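The values are calculated or read from the model by the stated rules, or taken from the named source; none is laboratory data. Note that the structure is predicted; figures quoted are calculated from it, not measured. Don't worry about glycine lacking a Cβ; one is built from the backbone with ideal geometry, like all the others, and counts go over all protein chains shown.
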Amino acid sequence: MKIFLIIIPVIIYFLPYSLYGQTRGCTDPLAINYNKTATINDGSCVYDAVKISPVSESNLSSVLRETSGLLSWNDYLWTHNDNSDINIYMLDTIRGEILNTFPLTGAENNDWEEISMDETHIYIGDFGNNGAGNRTDLKILKVEKNSFLAGKPSIEIINYSYPEQTDFTSPGVNNTDFDCEAFIVSDDSIYLFTKQWISNRTSLYALPKSPGTYTAKLKATHDVEGLITGAVYLKSKKIVALSGYSSSLMPFVYLLYDFTGTDFFSGNKRKIVIDKPYYQVEGISTVDGLKYFISNEYNSIGSFLTIPNKLQVIDLSIFLKKYINTITGKQDDSPDSNYIPYPIPAGDYISVRCKNDSLRHLRYSLIDMTGKVVKSGMLPDETSGISVNGLPGGVYVLKIGENKADRYRIIKK
């Protein structure tokens, strides 16, 4: 009895200690407010503003002037228009050329805005609602994959409405918070990300993915300071990437990652601006979570500017590679053991911390994304740093050494 009485208090004493020993905070080393002691991501990470440029872009066929959703599937890209066109187009991933066309015979395109998939079906969102803002026939088409590829699509319908939309008097064009152009599909649900013209926020709604008529369930609302137009979901990596543009037509990608379950706004939230003004981006897709395809529709700005419909590729490795390696258990192959450039993003200076002083007496080169060396010299001491004042914002490569050179991606604000 004495031993029993002694053991029980010890267990009771140490159990709370293990539970309360966890520290909540920002766990992303790329954030301004990174807390290296934090063990639980509380979604509080804050990031410097950053702007990137596409690594490549290709003109799309004039058939796809109103390209909207974008999907990666079977080593191809798939897209559609948001007009009356009922075709799904298969594209190559290099030039965005149309390789094949698959009509959804029997379907109607009121305003198709997004395409997504699960293991057995593709889903097309016929829920664009910016014209009058008062649609009562919002729906998602659910198409069995094998029948689709065979040219005899088996189509089921998921009808839905927003519980908060009770007044169906038209507010006019582009004047509603009940528009939608983005959704993702999980194991058992569909998640909508609304395009809110008035508030510049997005609301997350959940729907069953079985055919039927439903009232969407509001899960959360988040201020993205823009209009959301596309979404892609990598469940295994806990990443959702949203495409969109600001009220002044500056495109961006809004990253949600390291979240809990399907509480997509509970983790890191980072906005990355794409330096392509007036590009009305409509679709986003990825396979690995590092390289993303972005599509934009044809756009005419008055009589002075025309933006062709294009397929662009952006590289987000510098933002997500370490995170993905941590999630997947993959070893990071970047040469961080010798040098640590900081801060990222950089302001006027880049400081470089060395593993030991013998590594500092080497030449460095700073190279832009066109391959041009924009700055070079002997690596300065850590306190002096490399001045990047006057260089345009964007992504650069810092090369240290000559033959067996170490290379690091650098972001300039």
Check: Which number in (1) touching a residue at least 60 places away in the same chain (Cβ under 8 Å); (2) closer than 26 Å to residue 87 by Cβ marks the one condition that residue 186 misses?
Finding: (2)
Notebook entry, point to check: Could you say whether any residue in the range 278-289 is in contact (Cβ under 8 Å) with a residue 12 or more places away in the chain, in contact with an Asp or Glu (Cβ under 7 Å, 6 or more places away or on another chain) and surrounded by fewer than 21 Cβ atoms within 10 Å (Cβ to Cβ)?
Noted result: yes
Next item on the list: For the range 158-175, state whether one or more residues are touching a Leu at 6+ places or on another chain (Cβ under 9 Å), among the hydrophobic types (A, V, I, L, M, F, W, C) and under 24 Å from residue 207 (Cα atoms).
Entry: yes
Item checked: Those residues of the range 369-395 which are among the hydroxyl-bearing types (Ser, Thr, Tyr) and either at pLDDT 85 or above or not assigned by TED's automatic domain parsing to the domain that holds residue 347 (or both), in sequence order -> 376, 387
Check: Can you tell me how many residues in the range 357-390 are under 34 Å from the mean Cα position of the chain (by Cα), crowded, with 16+ Cβ neighbours inside 10 Å and not small (Gly, Ala, Ser)?
Finding: 7
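Per-residue answers, yes or no, for (1) farther than 22 Å from residue 317 by Cβ; (2) at pLDDT 95 or above; (3) within 12 Å of the chain's Cα centre (by Cα); (4) not in a strand (DSSP E or B):
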{"site": "247", "(1), (2), (3), (4)": "yes, yes, no, yes"}
{"site": "253", "(1), (2), (3), (4)": "no, yes, yes, no"}
{"site": "256", "(1), (2), (3), (4)": "no, yes, yes, no"}
{"site": "265", "(1), (2), (3), (4)": "yes, yes, no, yes"}
{"site": "269", "(1), (2), (3), (4)": "no, yes, yes, no"}
{"site": "272", "(1), (2), (3), (4)": "no, yes, yes, no"}
{"site": "276", "(1), (2), (3), (4)": "no, yes, no, yes"}
{"site": "283", "(1), (2), (3), (4)": "no, yes, yes, no"}
{"site": "289", "(1), (2), (3), (4)": "no, yes, yes, yes"}
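Among the residues of the range 346-368, which ones are closer than 23 Å to residue 33 by Cα and either at pLDDT below 80 or in contact with a Ser or Thr (Cβ under 9 Å, 6 or more places away or on another chain) (or both)?
Filtering the range 346-368 down to residues closer than 23 Å to residue 33 by Cα leaves 346-353.
Correct list: 348, 349, 350, 351.
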Notebook entry, point to check: Is one or more of the residues making up the range 210-230 over 25 Å from residue 172 (Cβ atoms), assigned by TED's automatic domain parsing to the domain that holds residue 288 and buried (at least 21 other Cβ atoms within 10 Å of the Cβ)?
Noted result: no
